[in-house]
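Enquirer: Here it is, the structure in full.
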Amino acid sequence: EESTHKLANSEREYAWREMAKQIAHEIKNPLTPMKLNVQQLYKSWKDKAPGFDKLLERFTKNQIEYIENLSSIASAFSSFAKMPGAKPVEVDLLEQLTTTLELFKNTDKLTFRVNWPHETRIMVFVDKEHLNGVLSNLIKNGIQSVPSGREGVIKINLVVKGDKVIVSVS
C-alpha cells in the first residue's frame, strides 16, 4: 500500500514537472524575438527612421496579439485549468504567417524562405491563439536547432489542395 502511494505521488510529481516545462516553453518562445523587436523599434525611433508611424502600428498589433496569447496561457496555468480550449474562428492564414514572421524578422543570422500561393487570402477555421503558438514554436525550434556561429535558413511552404492547406516549416 505504501509503495502504491509513493508511486502515485511520484507520477503526480512527474506530470506536474512535465506540465511546468511545457508552460515555460510556451511562454519563453516569443519573448526573445519580442525583445529584439522592441530594441529594433527603439533604434528606428531614435534614428528617426522614415515611415516610423507604419512600423509602430504593425509592431503594436503584433506585440498585442502575442501578449494576449501569453496572458491566456498564464491565466490558464494560474487557475490550475487545462490549456485554453479551442475557440475556432475564420482566420486568414497568410496574415497570421506574416504576423508571426514579423516577430522573428530581426533574429541575427537567420533567413526566411517562404513559398505560398499568390492568393491574397487563405481562410481557415482555427483557434487563432493555438495557431500562433504552433507557428511560433515551429520557428523558435528551428532557430534553436541552428548550430552556434552558423547562418540559419527557415523554409515555410504552403500548398492548397482542395479544401485543405498544408503548411510545412523546415
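Enquirer: What number of residues within the stretch 24-63 satisfy the criterion of being among the acidic types (Asp, Glu) and either under 13 Å from the mean Cα position of the chain (by Cα) or within 29 Å of Ser75 (Cβ to Cβ) (or both)? Let's see the steps before the verdict.
Expert: Kept after step one, since they are among the acidic types (Asp, Glu), are these residues of the stretch 24-63: 26, 47, 53, 57.
Of the ones still in play, those that are also either under 13 Å from the mean Cα position of the chain (by Cα) or within 29 Å of Ser75 (Cβ to Cβ) (or both) are 26, 57.
The qualifying residues number 2.
Enquirer: Which residues, taken from the stretch 140-164, are in contact with a Leu (Cβ under 8 Å, 6 or more places away or on another chain) and open to solvent by less than 50 Å² (accessible area, probe 1.4 Å)?
Expert: The first filter runs over the stretch 140-164 and keeps only residues in contact with a Leu (Cβ under 8 Å, 6 or more places away or on another chain), leaving 143, 146, 151-154, 156, 158.
Those that are in contact with a Leu (Cβ under 8 Å, 6 or more places away or on another chain) and open to solvent by less than 50 Å² (accessible area, probe 1.4 Å): Ile143, Val146, Gly152, Ile154, Ile156, Leu158.
Enquirer: Residue check: is Thr99 surrounded by 11 or more Cβ atoms within 10 Å (Cβ to Cβ), without any contact (Cβ under 8 Å) to a residue 60 or more places away in the chain and of a type in the set (Ser, Thr, Tyr)? First the steps, then the outcome.
Expert: On the way: surrounded by 11 or more Cβ atoms within 10 Å (Cβ to Cβ): yes; without any contact (Cβ under 8 Å) to a residue 60 or more places away in the chain: yes; of a type in the set (Ser, Thr, Tyr): yes.
For Thr99, the condition - surrounded by 11 or more Cβ atoms within 10 Å (Cβ to Cβ), without any contact (Cβ under 8 Å) to a residue 60 or more places away in the chain and of a type in the set (Ser, Thr, Tyr) - is met.
Enquirer: May I pose another question? Which residues, taken from the stretch 119-157, are among the polar types (S, T, N, Q), under 9 Å from the mean Cα position of the chain (by Cα) and over 11 Å from Asn69 (Cβ atoms)?
Expert: The first filter runs over the stretch 119-157 and keeps only residues among the polar types (S, T, N, Q), leaving 120, 132, 136-137, 141, 144-145, 148, 157.
Filter again for under 9 Å from the mean Cα position of the chain (by Cα), leaving 132, 136-137.
Correct list: Asn137 only.
The values are calculated or read from the model by the stated rules, or taken from the named source; none is laboratory data. A quick note: this is a predicted structure, and the numbers were derived from the prediction, not measured. Please note: Cβ atoms are built from the backbone with ideal geometry, for glycine as well, and neighbour counts cover all protein chains shown. Note: areas computed on protein heavy atoms with side chains; ligands, DNA, RNA excluded. Shrake-Rupley method; radii C 1.70, N 1.55, O 1.52, S 1.80 Å.
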